[in-house]
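Asker: The structure that follows is given in the form of structure tokens.
The values are calculated or read from the model by the stated rules, or taken from the named source; none is laboratory data. All figures in this text were calculated on a predicted structure; none of them were measured in a lab. Here the Cβ positions follow ideal geometry from the backbone for every residue, glycine too, while neighbour counts run over all protein chains shown.
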């Protein structure tokens, strides 16, 4: 508390500090414990990082904020029937007990993937999803892992069959998304379009091609509907109201309890974060991410030459996908998100770039970075402090980072500050599969509307 | 979102003003410190508009880049109007092609999206879909192509915290 009071005094009097050290406002706590060079300008900057606002609307998803869709999405998220072997769900990799990650360096669903599982906390605040931004909405992102052979390995017809044949899921679907399409085939065999690099006459694509155009459109409609329901659920996985937020709010109200939300280490870490650490260059805004892409010359997991194209690849994928914001399944194909994807730059300077992760709610998310290269937060901070092990591929890549050479104590303080970005926990019922009784009750309620 | 941003800006401004006042200070921070800002732009009638001006490298044309909302926002999509005049002050025809882009030279990167230019009148275009995702030194580039030759006007802009 005394430390917070000192910070407040420093903020209030930075202008006149040289002339009058005793110029603290009468209602400020005693000064002198910390002498942080923080001024009113920083106070204004802090206000641009807090509070975390409500998630932005998603006009491309007409059920983004529909409770029935969110419950359907929650059920689907934990449903292992959506996998080829019946043992993998979205929650297998996005484990709520591990910050919606899996604790592994590289994700493992049906097989090992090539990147670390990104967290879902506050994902709805990102304009691009996944490490390379190959999706421009939560619902688009939710679709591909279901069919990816290394992740869940199911198909869109499996999704349509499960939603149609499970009367509770079907009721929730129809309550939010409307009646299942009439053209949905009675017999739904496992089928999907060809994956990149897969022959069109491979068994699954051939089976998909055997349906009529109207039947395929109906299958796709239900598949996308399931994705939009999954998105509606994930939009609720938001945690703000962290000690940092309580502290920033108290700068205005001078509430002693709020000012005490950050102790000495956290305040010293705050000074580094917003000062010589230059962390806010990329980790900007209320979600502590610019939601854009950077190449920070990270070492590869195997310490070899990095070979992941990152955003260069992701931009091409999202631009070409029928599931993007400008596509036929979007509920706002002429909106701002559609314009953003239409004007995406396909530039070689994006090679090897990855999206800035949010720094809110880091607990449980180790290892860190797109390949889980760093086993813990200390290793991340050590890298950014020294840049030892960086992999500069060419003179075309971004040139942002400079070693800031933080001392041990400063690294510790910075970690303490990042810990103050841990939001209040969510209701545990939002972090587990809804029970069959809960689904049944909700389905019954929507039927009786 | 806009309302949230405005509200937070207001809170921040009020906080800053209150804190400065408590210490005997009081000079409001300048809205823009860019020396190229001009009040004589074609959009000078728009209150709070930011106008950035420059001549092209060989002096063939002059440009005004006008952001009606004032300072460029951090990490939010924005549109600008582009006015191009010949050396005699008449609306420039734009040559065979005209383009607008922006880069952070010190970082070695630019925007991560292309800008759509739509001509609104002779010498006047609307540029849509810009986004500055980082604070720091940005540089607008306005390129006019005539046959095999490109002439550029460039304008520095510092996006502050």
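Asker: Could we say that residue A:398 is in contact with a strand residue (DSSP E or B) (Cβ under 6 Å, 6 or more places away or on another chain), closer than 22 Å to residue A:282 by Cβ and either buried (at least 16 other Cβ atoms within 10 Å of the Cβ) or at pLDDT 95 or above (or both) here?
Answerer: yes
Asker: Where in region A:137-233 are there helices (runs of 4 or more DSSP H), lying wholly inside it, with at least 2 residues that are surrounded by 24 or more Cβ atoms within 10 Å (Cβ to Cβ) and modelled with pLDDT of 95 or more?
Answerer: In region A:137-233, A:138-147, A:156-165, A:167-177 are the helices (runs of 4 or more DSSP H) which contain 2 or more residues that are surrounded by 24 or more Cβ atoms within 10 Å (Cβ to Cβ) and modelled with pLDDT of 95 or more.
Asker: Sticking with this structure for a sec: How many of the residues making up region B:113-147 are within 12 Å of chain A (Cβ to nearest Cβ) and part of a loop (DSSP other than H, G, I, E, B)?
Answerer: 7
Asker: Inspect region A:103-125 for any residue being surrounded by 21 or more Cβ atoms within 10 Å (Cβ to Cβ), on the phi > 0 side of the Ramachandran plot and under 14 Å from the mean Cα position of the chain (by Cα) and give the result as yes or no.
Answerer: Yes, the conditions are met somewhere in region A:103-125.
Asker: What is the one condition in (1) under 30 Å from residue A:349 (Cα atoms); (2) in a loop (DSSP other than H, G, I, E, B) that residue A:241 does not satisfy?
Answerer: Unmet condition: (1).
Asker: Specify which of the listed residues (A:399, A:390) is in a loop (DSSP other than H, G, I, E, B) and in contact (Cβ under 8 Å) with a residue 60 or more places away in the chain.
Answerer: After ruling out the rest, the residue left standing is A:390.
Asker: Of all the residues that make up region A:158-203, how many are in contact (Cβ under 8 Å) with a residue 12 or more places away in the chain and on the phi > 0 side of the Ramachandran plot?
Answerer: Here the count works out to 0.
Asker: Now, a different point. So which of B:94, B:110, B:70 ends up being modelled with pLDDT under 90, touching a strand residue (DSSP E or B) at 6+ places or on another chain (Cβ under 6 Å) and either within 14 Å of another protein chain (Cβ to nearest Cβ) or on the phi > 0 side of the Ramachandran plot (or both)?
Answerer: B:110
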